[in-house]
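A.B. asks: Following this message is one structure expressed as structure tokens.
The values are calculated or read from the model by the stated rules, or taken from the named source; none is laboratory data. Note that this is a predicted model, so its numbers are computed, not measured. We place every Cβ from the backbone using ideal geometry, glycine too, and count neighbours over all the protein chains shown.
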Amino acid sequence: MTSKNLMSLTALLLFLSLSIQGYSQRNSEHTISGTVIDNDLEVPLEYATISIVNTNDPSDINGGVTDVDGKFSIEVAEGTYNILIEFISYEPKRFNNRKIDSDLDLGTIQLGISSSNLDEVVVRAETTQVDVRLDKKIYNIGKDLTTAGGTVSDALNNVPSVTVDIDGGISLRGNENVRILINGKPSAMAGFGDTNVLNQLPADAIERVEVITSPSARYDAEGTAGILNIILRQKETLGFNGSLSLNAGTPENAGISANVNYRTEKFNLFTTTGFRYFDAPGGGFFDTRYNENSGVEFDRIVEDRDMDRLNRNFNTNVGMEYFLTEKSSITGSVFYRYGEDEDLTTNVTDNYINSTQVLGTTREEKQTENDDSWQFSLNYINNFDDKGHKLTADFQFETDKETQFTTIGEKEDYNIENRELQLIGEDINTTEDQKEYLIQADYVRPFGEDSQFEAGYRGNFENEITDYRLFQENPETGNLELNENLTNVFDYTENVNALYTQYGSKFGQFSFLLGLRLENTQLKGEIDSELTEAELEEVFGFPIDTDFDNNYLGLFPTVNFIYELAEEENITIGYNRRINRPRGWFINPFPSRSSNNNVFQGNPNLEPAYSNAFDLGYLKRWEKLTLTSSVYYQHETESFERIEENIEGTNVIRTIPVNLANNKRTGAELGLLYNPARWLRLNGSFNFFKFETEGEFNGKDYGAENTSWFARFSSKVTLPAKIDWQTNAFYRGASEGIQGRREGLLSIDLALSKDIFNENATLSVNVRDLLDSRKRESYTSTDTYDRYSEFQWRQGQNFTVSLIYRFNQQKRDQERRRNGGNGDMDEGDFEG
């Protein structure tokens, strides 16, 4: 689309919006408006009730409820009225005998909680864990007892539609291509696309998670599965307040984190700081049997792998929001993360010929890793009025330096046939330097009470340089010498410029949000190696472009509808187009070296994949039961798939990502939240999906069709002495892939929690993976070999004791803030 066409579309949307506004104004009488907030937390109160009674005719009653921002606007005829503002468990506020002969703005109305109804507030908070918007579902997960002392990854694994595999990979509805945002933006806190970093951030930092399966045009088009937007806690109470969390457990783990806030009328200082130490033992088992026509030396290889990972990491986020005026502010923050890891991987290999063990080796890989990440952020917001007309601007700079030092040694355990064997020691030095800039501006303009126009720009500019140096032992001298053929520098750049516009409106029970995003993607890479392109093709088995510069221009429309069947019942329909860009480690062709027989190799020839997705959802709330459901369909072209193949004439099995032709995914999900009594809460979800894959690689057809499912169940019971007991269970069904089968997986977590010190502190005890069953079992079958593999990222039960102490705040304040109040940290969110 040309810039002229884009301007024409924007002008058309503005014209439609102004027409709607003009129509509304011509048919209005006098308007009574205002904003209702909690006077302690200073957060909006959604669904507060406004009653307007004519003093001359008590039967003449008008009214309404507040929206997500606590705002209301009600039209009445000229006259004198009594106005009553109410919210459950709060003291009501009255404005009696108000003469209305022109528009009346009551301003900000503060309601205080009723001291006789504190328990009711907690009960209400328990029942509002899911909220459905035009383009997302919002889950409040901060009260999940099983994640106390855990990480962000642990917390995400309890969110419906989301699964976190044993490697830390995150999937949405069974699709791994999900975009992770922090407070609506890409962030170093999410690890430059490496979701393993989320294992280093405490779960206590999360306030809620937004599951965005039909993203509006405001969001990046990246992520064919959708977006997970992690909203971090942010205190808004005046004065000095916060919380301190301590935890310890087995296998060895200990941590401390603090969330502190100091707020005045003019500024707000905040920090979240934590340190975590943990040992994460894991392991794997691989049994590969080669066919007679494979032409390899050994017909069976068994690998037994043990991993001992010791991790120490520190992270802190410090910032200040300064209120320039009553309607504008600027926020600056600095995030720093330091990680120090020591890993030892021991791989015991037995080689067979005709079912007889003939050769055994033990390979040890010792790796130390240091990781320094910085993020500097500036945010400016200017509210032109109290009706949502605003401008926001963001600048963000992130830098990360990761250094790895690896020593590999191998020894012979037995050699029955006295085979000639060269066991060569290796040292690997890897340095990764990453830098990313974000520039963003968003403009939001409401029209009337029920329409809103948005437009904005976002630029993401990312560069990653990987310097890989391999030193190998010279068998004659015993000295380590640089292997110039495999030593390389990979310089990779990803630049994305995007413009978007969207318009939303509400007509009675019907709301819609239409958007269009224009994105230009530049993927640029240069491989500095002693090998020529022809030599690289000979080594890796396919052509490699060592200096590429690819540009992709795309339009990404989004359409979202919501129809309110009743006050607590609605239907949503969504469509969006998305992109999946290949990331750095998927592109770097130089293979991993953690095993002699199993290697992963990137593919610099990967191109972006595109998807079109449709979603139909239904929500129904009863007094004690909430039901959410949806059916969806996604068609992805040039989809990424990992292909395993035997390198000809060797026992080496290589895994490589490639673009296949098409991937079609159809599914349905159902969620239930049931509160039959104040002492019992039940939560369950079920997701079923079917996918079809088409395409070929190296002349082989990899078409496949498969169905799978996963389900989770959670129960929370309040025992005598006000002890809370929570059980979480998750099961992922077996599935067929393009080259084999993955077995089902069961995981169960338990937790107990008790408030102490006059409810200023909470003591929790939990055990994750109670049955030690969270392991991946799979079978792979190809023309040349069959393999059974078993992998467990973290072996054994994980037992943790956690203590959270809150100062200058009450538990109920946290629950009210977490569940009842402020809506979206994404600027310009339109609500239907």
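A.B. asks: Which of the numbered conditions does F556 fail, given that it passes all the others? Conditions: (1) buried (at least 19 other Cβ atoms within 10 Å of the Cβ); (2) closer than 30 Å to F471 by Cα.
C.D. replies: F556 satisfies every listed condition except (2).
A.B. asks: Examine the range 737-744 for a residue that is assigned to a strand (DSSP E or B) and acidic (D, E), and state whether such a residue exists.
C.D. replies: no
A.B. asks: Just to check your reading of the model, which residue among R665, R621, R712, R678 is under 30 Å from G602 (Cβ atoms) and of a type in the set (D, E, K, R)?
C.D. replies: R665 is the lone residue from the list that is under 30 Å from G602 (Cβ atoms) and of a type in the set (D, E, K, R).
A.B. asks: Mind checking which pairs have a first residue in the range 78-99 that is under 19 Å from N54 (Cβ atoms) and surrounded by fewer than 16 Cβ atoms within 10 Å (Cβ to Cβ) and a second that is acidic (D, E) and at pLDDT 85 or above, Cβ under 9 Å, 6 or more apart or different chains?
C.D. replies: E78/D101; K99/E78
A.B. asks: Yes or no: the range 55-71 includes at least one residue that is modelled with pLDDT of 85 or more, outside the structural domain of R678 (by TED's automatic domain parsing), aliphatic (A, V, I, L, M) and not in a strand (DSSP E or B).
C.D. replies: Looking through the range 55-71, none of the residues is modelled with pLDDT of 85 or more, outside the structural domain of R678 (by TED's automatic domain parsing), aliphatic (A, V, I, L, M) and not in a strand (DSSP E or B).
A.B. asks: Across the range 654-680, what is the number of residues that are part of a strand (DSSP E or B) and either surrounded by fewer than 21 Cβ atoms within 10 Å (Cβ to Cβ) or in contact with an Asp or Glu (Cβ under 6 Å, 6 or more places away or on another chain) (or both)?
C.D. replies: Adding up the residues that qualify gives 17.
A.B. asks: While we're on this one: Taking the condition of being surrounded by 12 or more Cβ atoms within 10 Å (Cβ to Cβ) and not in a strand (DSSP E or B), how many residues in the range 394-418 meet it?
C.D. replies: Here the count works out to 1.
Residue-wise test of (1) under 23 Å from N766 (Cβ atoms); (2) at pLDDT below 90.
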| site | (1), (2) |
| --- | --- |
| I227 | no, yes |
| L232 | yes, yes |
| K235 | no, yes |
| L238 | no, yes |
| G249 | yes, no |
| E252 | yes, yes |
| S257 | yes, yes |
| V260 | no, yes |
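A.B. asks: In the range 571-589, how many are buried (at least 20 other Cβ atoms within 10 Å of the Cβ) and more than 23 Å from the chain's Cα centre (by Cα)?
C.D. replies: The qualifying residues number 2.
A.B. asks: Is it the case that some residue within the range 595-607 is in contact with a Lys or Arg (Cβ under 6 Å, 6 or more places away or on another chain) and in a strand (DSSP E or B)?
C.D. replies: yes
A.B. asks: Hey, any hits in the range 444-458 for a residue that's over 30 Å from E519 (Cβ atoms), under 40 Å from the mean Cα position of the chain (by Cα) and either modelled with pLDDT under 90 or not in a strand (DSSP E or B) (or both)?
C.D. replies: yes
A.B. asks: Are any of the residues in the range 294-303 within 26 Å of the chain's Cα centre (by Cα) and surrounded by 15 or more Cβ atoms within 10 Å (Cβ to Cβ)?
C.D. replies: So far as the range 294-303 goes, no, none of its residues is within 26 Å of the chain's Cα centre (by Cα) and surrounded by 15 or more Cβ atoms within 10 Å (Cβ to Cβ).
A.B. asks: For the range 420-431, enumerate the residues that are surrounded by 12 or more Cβ atoms within 10 Å (Cβ to Cβ), more than 30 Å from Y336 (Cβ to Cβ) and either touching a residue at least 60 places away in the same chain (Cβ under 8 Å) or not assigned by TED's automatic domain parsing to the domain that holds V348 (or both).
C.D. replies: Answer for the range 420-431, where residues must be surrounded by 12 or more Cβ atoms within 10 Å (Cβ to Cβ), more than 30 Å from Y336 (Cβ to Cβ) and either touching a residue at least 60 places away in the same chain (Cβ under 8 Å) or not assigned by TED's automatic domain parsing to the domain that holds V348 (or both): L423, E426.
A.B. asks: Among the residues of the range 361-382, how many are in contact with a Phe, Trp or Tyr (Cβ under 8 Å, 6 or more places away or on another chain) and either aliphatic (A, V, I, L, M) or not in a strand (DSSP E or B) (or both)?
C.D. replies: Within the range 361-382, residues that are in contact with a Phe, Trp or Tyr (Cβ under 8 Å, 6 or more places away or on another chain) and either aliphatic (A, V, I, L, M) or not in a strand (DSSP E or B) (or both) number 1.
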